[in-house]
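These notes concern the structure reproduced below.
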Amino acid sequence: MKTINLKLLILAALTFGLALTTWAQDYNDEWPFAKPLTQTQRFGVTPIYGYRFGGDVEDVNTGKTYSFEDAPAYGLFLDYAPTNFYGRYELLWSHQDSSLDFKGENGLGKVDVTIDVIQVGGELEFGKKRLREYFSAHIGATHFSSDGYGDDTRFSLGIGVGAKAFLTKNIYLRADFRGFCTVVESEGSFIYANGTTVARFSGSTLWQGQVSAGIGITF
C-alpha cells in the first residue's frame, strides 16, 4: 500500500503556508481589491463541530460505486500570526467517523471508516475588527482507516471560506465552509477482505465538503 513521505509532506505544507501569508505582506497598500486586516493577537485556538459529506470508492469487480456516509465531523484550528502581520498561519485537524455500505457485495455489509485530515496553511481576514470574513488554503494529508480492512494515507489540500464574529477582544464565533481534495491515484487499492482488494479509489482525486462552527479564543 502506497504511503507518503511525511518529512517531505510537512516541508511542503510549511512552505505553502509561508508562501500564502508572506505573499500578502508584499502587497502592502497596493491591494487591487479589499485589503486584509493586520493581526493584533498572536495565537488562536478554535475547537469545531460540523458535518462532512461526499467521496466514494469503486468495486474492483463490478465497477459499482459506493459513497462514504455523510456524517458529523469535529476537530481543531490552531493559528499564529506575528504582530501587525496580514495573514495567519494555521494548523487544521478534522475527524469524521463514516462508513461504506457494500450491501452484501463481496460478503461485506457496512464497513466503518474513520477519515482524519491534518493540514497546514494560511488564512487572510477581511472586513471589520469585530466581524471578519476570511479565505484560507491548506496542504497536508488525509488518513483513511477501516478496522480490519486496511488503511491508507494520501496527500491532500483544502480551501475554505468563513467568518469570525468577535464577542469580546479575545472570544469569537467561527463559521467555516471548506472543500478537501485528496489525491488518491487512479485505481489505487483501499478496502481489503480475505487478502484481496475489494474496493479502490476511482479517478485521481476524492472530494469532500465540510461545514463547521466553533467558539475560538485568541491571545
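How much area per residue is accessible in region 66-105 when the probe is 1.4 Å and only protein heavy atoms are counted (Å²)?
On a per-residue basis, region 66-105 sits at 40 Å².
Along region 104-120, what does the Karplus equation 6.51 cos²θ - 1.76 cosθ + 1.60 (θ = phi - 60°) give for ³J(HN,Hα), rounded to whole Hz, x for Gly and Pro?
My calculation for region 104-120 gives x, 5, 6, x, 10, x, 8, 10, 6, 9, 9, 10, 10, 10, 10, 9, 10 Hz in order.
With the contact rule set at Cα under 8 Å and sequence spacing of 6 or more, what percent relative contact order holds for region 174-219?
Computed value for region 174-219: 48 percent relative contact order.
Below 8 Å, C-alpha to C-alpha, sequence gap of six or more: please give me the relative contact order for region 142-219 in percent.
Computed value for region 142-219: 30 percent relative contact order.
Rounded to the nearest percent, how much of the accessible area of region 88-204 (1.4 Å probe, protein heavy atoms only) is carbon and sulfur?
Exposed carbon and sulfur together represent 59 percent of the surface.
Sort 113, 45 by accessible area with a 1.4 Å probe, largest first.
45, 113
Label points 7 Å out from Cα along the Cβ direction at residue 211 and residue 130: separation in nm?
Computed distance between label sites residue 211 and residue 130 equals 2.6 nm.
Between residue 103 and residue 165, what FRET efficiency comes out of the Förster formula 1/(1 + (r/R0)^6) with R0 = 35 Å and r the beta carbon distance, rounded to 0.05?
In this case the efficiency is close to 0.20.
Within region 138-182, list the residues whose amide N lies under 19 Å from a label point set 7 Å along Cα→Cβ of residue 65.
Flagged as within label range: 179-182.
Using all alpha carbons of region 69-219, what is the percent of pairwise distances in each 5 Å bin, ordered from the shortest bin to the longest?
2, 8, 16, 20, 16, 12, 9, 7, 5, 3, 2, 0
Please name which of 104, 86, 138 has its Cα lying farthest along the dipole of region 80-158 towards the positive end, using unit charges on Cβ (Lys, Arg +1; Asp, Glu -1) and the Cα centre as origin.
Ranked along the dipole, the leading option is 86.
Test of the criteria: in region 70-177, which trypsin sites (Lys or Arg not before Pro) are in a DSSP loop and have at most 13 other Cβ atoms within 10 angstrom of their Cβ?
Qualifying residues, ordered by number: 103, 128, 129, 130, 169.
If you take the beta carbon distance between residue 183 and residue 112 as r and set R0 to 25 Å, what does 1/(1 + (r/R0)^6) give as a FRET efficiency, to the nearest 0.05?
FRET efficiency, residue 183 to residue 112: 0.60.
Note down the relative contact order for region 70-209 as a percent, whole number, built from C-alpha pairs under 8 angstrom at least six residues apart.
After rounding, I find 15 percent.
The values are calculated or read from the model by the stated rules, or taken from the named source; none is laboratory data. Quick caveat, the model's predicted, so the values are computed rather than measured. Glycine also receives a Cβ, built like all others from the backbone with ideal geometry; neighbour counts cover every protein chain displayed. Accessible surface areas use protein heavy atoms only, side chains included; no ligands, DNA or RNA. Shrake-Rupley method; radii C 1.70, N 1.55, O 1.52, S 1.80 Å.
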